[in-house]
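A short worksheet on the structure shown next.
The values are calculated or read from the model by the stated rules, or taken from the named source; none is laboratory data. Since this is a predicted model, take the numbers as computed values, not measurements. All Cβ positions, even for glycine, are placed from backbone atoms using ideal geometry, and neighbour counts span all protein chains on display. These accessible areas exclude ligands, DNA and RNA; they are computed on the full protein's heavy atoms, side chains included. Shrake-Rupley method; radii C 1.70, N 1.55, O 1.52, S 1.80 Å.
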Amino acid sequence: MTNVVEMTGVVKRFGKVTALDGLDLTVAQGEVHGFLGPNGAGKSTTLRLLLGMLRSDGGSLQVLGLDPWRNVATLHRRLAYVPGDVALWPNLTGGEVIDLLGRLQGGQDPARRDDLLKMFDLDPTKKARAYSKGNRQKVALIAALATDAEVFLLDEPTSGLDPLMEDAFRGCVRELREQGRTVLLSSHILSEAEALSDRLSIIRAGKVVETGPLQQLRHLTRTSVTADVTTVPQGLELLTGVHDVVVAGQRISAQVEPSGLAPLMQALTAAGLHTLTSQPPTLEDLFLRHYGTNTTKAPAGAATSNPGHSNHG
Amino acid sequence: MGETLAGTGTLVRLGLRRDRWLLSLWILGFAAMAGSSASAGAGLFPDVASRIAAAETINATASMVALFGRVYDPTSLGALSMIKYTAFMTAVLAVLMVFVTIRHTRADEESGQLELLSGGRLGRNAPLAAALVISFGASLVLGLASGGALAATGLPAAGSFAFGLGWAATGMAFSAVAGLGAQLTTSARAATGLGVIVIAITYVLRAVGDLAQPGPSALSWLSPIGWNQQIRAYAGDNWWVLFLPLALCAALVPVTFFLRARRDLGAGLGEQRPGPAHGSLQGVWDLAVRLQFRMLAAWAVAVVLFGVVIGSLAGNVSQFLTSPNSQDLMKKLGGAQALTDAFMAAEIAIMGILAAAYGLGAVNHLRSEETAGHTEALLGTATTRARWATSHYVAALGGVALLMLLTGLSVGVGAGLALHDGSQVGRITLASLAQIPAAWVITSMALAIFGWAPRLTTAVWGLLVVFIALGEFGVLWNAPQWLMDLSPFQHSPLLPVGSGGVVSLVALIVTACVLAALGYAGWSRRDLTA
């Protein structure tokens, strides 16, 4: 399988600020690749570099085997882009913008355009200044999806869309994958990337810190276990691979690494186990581990027992 | 009232914080310019006889009267020294105040910044009130500082403050006009354009009024810029005239608040109509033309009106010169035809500068499209950077050329009718077209700045003002020749256009090409920025 996007050690600086600090990213042909990271991690910068809108300060990058800085026109005939922050000309209608972008792209399918308008429930006769954020997003999405590009670069494409429209969007992405097209989908919405992506890359502070299929990333992280027992055993938090133990009455909850599951189960069984719920790790957990952010899920002390990702596995 | 004005103070502080450099520089600049001109005048006209001679020459020269107005007391040093500042620089000041007012009203509304703020404890009228407080306050400070600077040079204090307060009141009047304009349009660009058109009309009104014999006619009294001249600082100090611009403010401001109360945030006065579901724009060229068309159409109408008025004055020019003194002067200058030509040449040169300003504004679409995020959407398609930049650049060049062609034709037809001489159309059009290359240099300069220093694109306006000032005041300031030669307008051939101008025209076109190439080079290697 060939790679559509190849980035090796890419550096991008804005003055003194280093936005990308040796970023490696590969997107294989025909896959939907989720590009996950919090705000300011460098997702949009990465996409703009891939579009030749920014110039890299180091490393190498190629899209479809071409240099995006030099071969803009050739490359862009084969790709479609939806910006993260869609700005439209206030005095043009949505329909006019879709047609303009389509023509600049090198042609779009009129039947497909009309289908998409229906699917996303967009009134193309409204002036862009009257559109809400979600509707502006739809204009850009329709313009991109109505083309027959090989590669789609989508920067947080569902921001502002309601759940119904998000669903329509997911349908479109699955369709693209069935047609063998490549999608690079940046997002901070975990469920979206989880539902759509074949592979994921996680970016933090300008570096890809983890990349691989979802299953592979999942097994690296912890399972969330909640159990009701007759007598609460002592020393659970001392077991290797068991973290964030919280005891509330007879209820115990903990975050468990794969290596800690067996010893924990033995201890819980011995303590008289009534009920047990275990949840597969969500991407939220991945984030928590990579960014070390505390939320209500993880007590304040968790940060100290939260080593860097290299210690896991 | 308290409910709708809540938060005005906060917004005023925010506005002053955002504009602290802009406003300080303009205020200092105007005060320094006034003061330096007054001291230069004292050196140039040391005695009463020299003043009378200079003042009579100005009053007898139609192009000077049309541009700057009359010296109402030939013996007054102040009236003579400040003649170029009474109408001309007042119009520049008015443009500044329109710009500042729109920046804090419609521009914030259009960009959505006001929506963000309106979520807070902010009354509906607060943004407009804050904008007016800022621009009224800036006008007043500018006027007082200039009055002080003038008085410091030794000119009579009363005249100095009459002059300064004249600037202040005129600045306020045009701030009020801009505030009203901001309620009518939905885009800041259109609102600014509206304000500039009003300034241009009032300028022409007073030009025509001042040219009447014995001037000024009622037309001058219809124009706020005319009022500023009729204060006659240092030549009688008609303080009561200051009430006219203030009365205009008092009339316009309530209407503005009334209109604001009738409309939604972000809306203009007209209602939103649905547009076409399918677009006919074929590409970036169509888009550039579509984005620039309205502005160009407005300019074209203004240019034709201005041109016909100026042209029709051609017959009057030599009639000014009735005194034996000026008859003598006329002979020295080459007879009636030469005087008429000098008048037309001066007016056409001004139109050339205005066309350059249009070209500059049109090229700056590149930057405003980039910061608005529109460029990102376009460059995400198969459009190349060069192609997109060319669309706006060439549309700007074409607009400049069209405006100068219209200038030539309208002035020519006006003059032809006034002088019963059809041959005027051809030679005046030729003279008008000869101004295009200099305007293209300015247009290309804007492209070069866009390529290399995109954040400085608005500073090109400052450069344009410097060039204009060098042309108008360079001699007065004793500026060295090389400095004055930096201005492209210095090299435009004037009426009657002979073959001698060809070399400088070619040089100007080459300069424009070099600047454009520089601009493309910069644009092709820089990041897209917001």
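Brief remarks follow.
- Scan of segment B:201-257 for residues that are within 21 Å of the chain's Cα centre (by Cα), of a type in the set (S, T, Y) and part of a helix (DSSP H, G or I), ordered by number: B:T202, B:Y203, B:S220
- Complete set of residues in segment B:360-393 that are among the β-branched types (V, I, T) and under 30 Å from B:V204 (Cα atoms): B:V363
- Test: residue in segment B:395-403 that is among the β-branched types (V, I, T), assigned by TED's automatic domain parsing to the domain that holds B:Y520, in contact with a helix residue (DSSP H, G or I) (Cβ under 8 Å, 6 or more places away or on another chain) and at pLDDT 95 or above: yes
- Contacts under 9 angstrom Cβ, first residue in segment B:237-248 being open to solvent by less than 60 Å² (accessible area, probe 1.4 Å), partner outside any helix (DSSP H, G or I) and not polar (S, T, N, Q), 6 or more apart: B:D237/B:P156; B:D237/B:I231; B:N238/B:I231; B:N238/B:R232; B:V241/B:I231; B:V241/B:R232; B:L242/B:I231
- Among the residues of segment B:269-302, those identified as at pLDDT below 90, open to solvent by less than 70 Å² (accessible area, probe 1.4 Å) and either more than 14 Å from chain A (Cβ to nearest Cβ) or touching a Lys or Arg at 6+ places or on another chain (Cβ under 9 Å) (or both) are B:G275, B:G279, B:L281, B:G283, B:M295, B:A298, B:W299, B:A302.
- Of the helices (runs of 4 or more DSSP H) lying entirely inside segment B:424-491, the ones with 2 or more residues being without any contact (Cβ under 8 Å) to a residue 60 or more places away in the chain and surrounded by fewer than 17 Cβ atoms within 10 Å (Cβ to Cβ) are found at B:459-473, B:481-485.
- Against the conditions (1) surrounded by fewer than 19 Cβ atoms within 10 Å (Cβ to Cβ); (2) closer than 30 Å to A:R112 by Cβ; (3) in contact with a helix residue (DSSP H, G or I) (Cβ under 6 Å, 6 or more places away or on another chain), A:S187 satisfies every one except (1).
- So B:P224, is it in contact (Cβ under 8 Å) with a residue 24 or more places away in the chain, of a type outside the set (V, I, T), surrounded by fewer than 24 Cβ atoms within 10 Å (Cβ to Cβ) and over 22 Å from B:G266 (Cα atoms): no
- Top-ranked residue in segment A:127-150 [being surrounded by fewer than 21 Cβ atoms within 10 Å (Cβ to Cβ) and among the aliphatic types (A, V, I, L, M); ranked as nearest to A:L116 (Cα to Cα)]: A:A128
- Unique residue being open to solvent by 50 Å² or more (accessible area, probe 1.4 Å) and modelled with pLDDT under 90 when the list is A:L288, A:L236, A:L261: A:L261
- Residues of segment A:18-53 that turn out to be over 17 Å from A:L185 (Cα atoms), at pLDDT 90 or above and surrounded by fewer than 24 Cβ atoms within 10 Å (Cβ to Cβ), as a count: 4
- Residues being more than 28 Å from B:R525 (Cβ to Cβ) and of a type in the set (V, I, T) - total across segment B:376-421: 3
- Filter result for B:V98 (closer than 25 Å to B:V196 by Cα and either open to solvent by less than 20 Å² (accessible area, probe 1.4 Å) or touching a strand residue (DSSP E or B) at 6+ places or on another chain (Cβ under 7 Å) (or both)): yes
- Subset tally (residues that are open to solvent by 40 Å² or more (accessible area, probe 1.4 Å) and within 16 Å of B:L142 (Cβ to Cβ)) for segment B:20-78: 9
- Neighbours by Cβ (under 6 Å, 6+ apart or cross-chain): first from segment B:343-369, assigned by TED's automatic domain parsing to the domain that holds B:G69; second of a type in the set (S, T, N, Q): none
- Qualifying residue in segment A:146-162 (condition: under 30 Å from B:G266 (Cα atoms), within 14 Å of chain B (Cβ to nearest Cβ), β-branched (V, I, T) and touching a residue at least 24 places away in the same chain (Cβ under 8 Å)): no
- Helices (runs of 4 or more DSSP H) enclosed by segment A:31-143 - at least 1 residues per element that are touching a helix residue (DSSP H, G or I) at 6+ places or on another chain (Cβ under 6 Å) and more than 10 Å from chain B (Cβ to nearest Cβ): A:110-119
- Of the residues making up segment B:320-327, none is at pLDDT 85 or above, away from chain A (no Cβ under 14 Å) and open to solvent by 70 Å² or more (accessible area, probe 1.4 Å).
- Residues that are within 16 Å of A:V27 (Cβ to Cβ) and basic (K, R), drawn from segment A:154-185: A:R177, A:R181
- Of all the residues in segment A:157-179, those that are closer than 24 Å to A:H76 by Cα, open to solvent by less than 40 Å² (accessible area, probe 1.4 Å) and in a loop (DSSP other than H, G, I, E, B) number 3.
- Of all residues in segment A:1-14, those satisfying the criterion of being more than 19 Å from the chain's Cα centre (by Cα) and open to solvent by 70 Å² or more (accessible area, probe 1.4 Å) are A:M1, A:T2, A:T8, A:R13, A:F14.
- Contact map, segment B:507-530: residues that are more than 14 Å from chain A (Cβ to nearest Cβ) paired with residues that are β-branched (V, I, T), Cβ distance under 8 Å, separation 6+ or inter-chain. Pairs shown: B:L508/B:V441; B:T511/B:V441; B:A512/B:V441; B:A512/B:T443; B:L515/B:V441; B:G519/B:I449.
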